[in-house]
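Worksheet: one structure, shown below.
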Amino acid sequence: MKVLGIETSCDDTSVALYDSETGVAENLLSSQVELHNNFGGVVPELASRAHLVNLLPLVDHLLQRQNLQLKDLDGLAVTSGPGLVGALLVGLSTAKALSMAADLPLVGIHHIEGHILANALTDEMVFPAMVLVVSGGHTEIIYMPEVGRYEKLGGTLDDAAGEAYDKTAKLLKLPYPGGPPIDRLASKGTPGRFNFPRPLQKDPRLVFSFSGLKTAVKLAVEKLPQPLTDQDVNDVCFEVQEAIVDSLCQRLFQAARLKHVKSVYLAGGVAANGRLRQRVAAEAQKYHLHFIPPERVYCTDNAAMIAYAGWCHLNEGRRDGLDLDSFPRGTLTSWR
């Protein structure tokens, strides 16, 4: 089965082809980082317009590279939410048009499910599993007994971990998105210079909070002599990253012990973070849990994960009609 995936939930335009016999045949992406960099974050209207310009040429390019026509496909999968509504509508409208033109089955994919199932593109998943979904817009813990069954056990009470990275980067005048430069500079930092909070450490709930951390970083930076030295920046990056990773790991393995799972997984853009992957690997070994991190190319928004998730749905006979709508927010629910 050949499934074309379309992902336009935020600021990256991506199309991919998943072949159930050979795996990911193609994964193309048009980045908008330069477009939004001067604003320190994504401007929704600009993102939507860029998707309008980029999406159909990417689809055409993919089909040409694979020597395929629309009629050679077996289905279409598109991110229906959550995300920026305007951006989602571009992808959804395009998928519906292609579905009608070639009489292809269509399925809408929850963006978070796509990120979770990106792990299956790296290695066969082991169940039951506990998944930490962590990105610029999401920080959630999801229990997953099998593909298609999901139970959200906890999440952030305020800001997402990725937002804490981005706001810190903006404060330190680092490029957007903030995760990669902070991860890189943290390796040069001096431990112990700053003491940033790890909120809710004694709270028995599976919840996160990063707003207090953002405030603490802002106050600490404002107290430093200006302009900041390179070592100042490195030291702030080190302690911010340690605080975020400490909070994430504590909750992930608290949940894993609660549900007696066999494996733990990372999903979302922050899953590419080197320190987080290192810490989760060490903790997983300690508790004898299976853990293989997703390939970094499948951590950020991409259509390969949507195409694969679409195959999972289509293979089980699930279809959506042309009345499929987008949604800006929405918890991942089970469909099996």
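The values are calculated or read from the model by the stated rules, or taken from the named source; none is laboratory data. The model shown is predicted, which means the values in this text are computed figures rather than measured ones. Cβ coordinates were reconstructed from backbone atoms using ideal geometry, including for glycine residues, and neighbour counts include every protein chain displayed. What goes into the accessible areas is simple: the full protein's heavy atoms, side chains included, and nothing from ligands, DNA or RNA. Shrake-Rupley method; radii C 1.70, N 1.55, O 1.52, S 1.80 Å.
Some notes on this structure:
- Close amide-amide hydrogen proximity is noted between HIS138 and GLY162, each under 5 Å apart and 5 or more residues distant or on a separate chain (H modeled in the peptide plane; Pro and chain starts excluded).
- Per residue accessible area in Å² of the chain, where ligands, DNA and RNA are left out and the probe is 1.4 Å: 43 Å²
- Applying the criteria of a DSSP loop state and at most 13 other Cβ atoms within 10 Å to the trypsin sites (Lys or Arg not before Pro) of segment 142-225 yields LYS173, LYS188, LYS202, ARG205.
- Normalised by the number of residues in the chain, the mean separation of alpha-carbon contacts (under 8 Å, six or more apart) gives a relative contact order of 26 percent.
- Between 0 and 90 degrees, the angle of helix 274-286 with respect to the longest Cα principal axis of the chain falls at about 90 degrees.
- Principal-axis tilt of helix 44-65 within the chain, Cα atoms, nearest 10 degrees: 50 degrees
- Average Cα contact separation per residue, segment 196-298, under 8 Å, 6 or more apart, as relative contact order %: 25 percent
- In the context of the full protein assembly, SER31 retains an accessible surface of approximately 70 Å², using a probe radius of 1.4 Å and ignoring ligands and nucleic acids.
- Where ARG319, ARG279 fall by accessible area, highest first, once all protein chains stay in place (1.4 Å): ARG319, ARG279
- Structure-based [θ]222 nm, the chain - -39500 (n - 2.57) summed over DSSP H runs of at least 4, per residue, nearest 500: -13500 deg cm²/dmol
- Ligands, DNA and RNA excluded, the heavy atoms of PHE196 present near 10 Å² of accessible surface to a 1.4 Å solvent probe.
- Percent RCO, i.e. relative contact order, over segment 151-209, from Cα pairs under 8 Å lying at least 6 residues apart: 44 percent
- In segment 184-251, the portion of solvent-accessible area held by carbon and sulfur atoms comes to 57 percent [1.4 Å probe, whole percent, DNA, RNA and ligands not counted].
- Under 5 Å from the amide H of SER263 lie the amide H atoms of MET130, HIS290, each residue being 5 or more positions distant or on a separate chain, with H modelled from the backbone and absent for Pro and chain starts.
- Separation between Cα centres of segment 148-222 and segment 1-54, rounded to whole Å: 26 Å
- Degrees between helix 211-223 axis and first principal axis of the chain (Cα, 0 to 90, nearest 10): 50 degrees
- Note on the chain: antiparallel DSSP beta bridges, both residues inside, total approximately 60 percent of the bridges counted.
- Percent accessible area from carbon and sulfur atoms, segment 81-121, protein chains only, probe 1.4 Å: 61 percent
- Hz values of 3J(HN,Hα) by residue in segment 104-110 - Karplus curve (6.51, -1.76, 1.60), Gly and Pro given as x: 10, x, 10, 9, x, 10, 5
- Heavy atoms of SER135: accessible area, 1.4 Å probe, square angstrom to 10: 20 Å²
- Segment 284-336 - percent of accessible surface contributed by carbon and sulfur, probe 1.4 Å: 47 percent
- The tail of the calculated P(r) for the chain, taken as Cα-Cα distances beyond 24 Å, holds 55 percent of the pairs.
- Heavy-atom accessible area order for VAL78, VAL85, largest first, 1.4 Å probe: VAL85, VAL78
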